[in-house]
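Trainee: Have a look at this one before I ask anything.
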Amino acid sequence: MVTSINKVGVLGAGLMGHGIVQLAAQAGCEVVMVDLSAEMLYRGFEKINKLMYKAVKQGKILPEKCEEVLKRIKISTDMNDLKDCDAVIEAIPEIMELKKEVFAKLDKIVKPGAILATNTSQLSITEIASATGRSDLVIGMHFFYPAQVMKLIEIPVGEHTSEKCINAIVDLSMRMGKETCVCKDTPGFIVNRLLAGLMVEASRIYDEKLADVQEIDKALKYALGHPMGPFELFDFSGIDTMVRVADGLRDAFGDRFCVGVGVRNKVRAGDFGQKTGRGFYDYNKK
């Protein structure tokens, strides 16, 4: 296994991927951002550029430091450019068969001893690792959106993940300025199990017409100190995504994770939240 992580690959330049790239570069790593879509690559790199120069204007980082960080980032549409990385972090859609296919390819491309991490929020690390010949070096590295801002990286470990691998990823996470929580490989891990329970109960309160979404959101924010209410969070994260997470937990743990009808109707209507302009709130008016 690699003794230190100095070069990081990130597969996927989308919503989570570009944020992970920025964090790794700020941690002092050389970074290769790979996406099969050149458009996604350039869009992701442009977002990193804007955020870095915004930090310069706000006095959070010196201009020369900003340039150093950006110079550490290379972009490519070729997965073979990940071959020399000490660790590769996958940030592609939450589809098990797709992840296993990608990890099988990475296992053949990336140098022996390198760590393969997945940004999955709920899928089995052990099952993903089964597609490789290095199950001791496959691990979860669950970032939260937006990755540059959220303080935690959840680290679920597979059945065969080694202690050395865990320690290396905890160290990398700390270099990124994050807190970590290491947990066993179970559906939803820690955070999504806690969060889904809250979101499901909110959906039931909504179905029971006990209060409208604004009142339910205010209750959570002002009584419990959450930065967002449950329906603001549904819209922010993507209602379709949150329902998919809850359904996975329902399959594993039963109906206590069954989302209410009102939430499902939003998905059926194609109203997924901020990304479509409308969810429980209308963002086209803002």
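The values are calculated or read from the model by the stated rules, or taken from the named source; none is laboratory data. As the structure is a prediction and not an experimental result, all values here were calculated from the model. Every residue, glycine among them, receives a Cβ derived from its backbone with ideal geometry; neighbour counts consider all protein chains shown.
Trainee: Which of the residues that make up the range 126-149 are of a type in the set (D, E, K, R) and assigned to a helix (DSSP H, G or I)?
Mentor: E127, D136
Trainee: Follow-up. If we scan the range 253-260, do we find a residue that is among the hydrophobic types (A, V, I, L, M, F, W, C) and under 30 Å from V138 (Cα atoms)? Write out each step before concluding.
Mentor: Restricting attention to the range 253-260, the residues satisfying the condition of being among the hydrophobic types (A, V, I, L, M, F, W, C) are 253, 257-259.
Subsequent filtering for residues that are under 30 Å from V138 (Cα atoms) retains 253, 257.
Yes, that holds for at least one residue.
Trainee: Would you confirm, using the coordinates I've provided, whether T132 is within 19 Å of the chain's Cα centre (by Cα) and of a type in the set (V, I, T)?
Mentor: no
Trainee: For the range 73-118, give me each residue that is free of Cβ contacts under 8 Å to residues at least 12 places away in the same chain and assigned to a loop (DSSP other than H, G, I, E, B).
Mentor: P93, I95
Trainee: Between residues in the range 184-203 that are touching a residue at least 60 places away in the same chain (Cβ under 8 Å) and residues that are assigned to a helix (DSSP H, G or I) and surrounded by fewer than 19 Cβ atoms within 10 Å (Cβ to Cβ), which pairs lie under 7 Å by C-beta distance while being six or more apart or on different chains?
Mentor: D185/T126; P187/A252; S203/G262
Trainee: If I filter the range 201-214 for residues that are part of a helix (DSSP H, G or I), among the charged types (D, E, K, R), outside the structural domain of A27 (by TED's automatic domain parsing) and within 26 Å of L152 (Cα to Cα), do I get at least one hit? Lay out the reasoning, then the answer.
Mentor: Of all residues in the range 201-214, those part of a helix (DSSP H, G or I) come to 201-207, 213-214.
After this cut, where a residue has to be among the charged types (D, E, K, R) as well, the list is 201, 204, 207.
Checking which are outside the structural domain of A27 (by TED's automatic domain parsing) leaves us with 201, 204, 207.
Still in the running and within 26 Å of L152 (Cα to Cα): 201.
Yes, some residue in the range 201-214 is part of a helix (DSSP H, G or I), among the charged types (D, E, K, R), outside the structural domain of A27 (by TED's automatic domain parsing) and within 26 Å of L152 (Cα to Cα).
Trainee: For V263, all conditions in the list (1) modelled with pLDDT of 95 or more; (2) in a loop (DSSP other than H, G, I, E, B) hold save one; what is the number of the exception?
Mentor: Single failed check for V263: (2).
Trainee: Residues to consider are G197, G188; find the one that is touching a Phe, Trp or Tyr at 6+ places or on another chain (Cβ under 9 Å) and not in a helix (DSSP H, G or I).
Mentor: G188
Trainee: Moving on to the next point. Enumerate the pairs (first residue in the range 119-139 and in the same structural domain as S162 (by TED's automatic domain parsing); second residue anywhere and among the aromatic types (F, W, Y)) with beta-carbon separation below 6 Å, excluding pairs fewer than 6 apart on the same chain, so at least 6 apart or on different chains.
Mentor: Every condition considered, the pairs that remain are N119/F143; I128/F103; A131/F103; T132/F103.
Trainee: In the range 1-72, which helices (runs of 4 or more DSSP H) lie fully inside it and hold 3 or more residues that are surrounded by fewer than 17 Cβ atoms within 10 Å (Cβ to Cβ) and either touching a residue at least 12 places away in the same chain (Cβ under 8 Å) or in contact with a helix residue (DSSP H, G or I) (Cβ under 7 Å, 6 or more places away or on another chain) (or both)?
Mentor: 38-57
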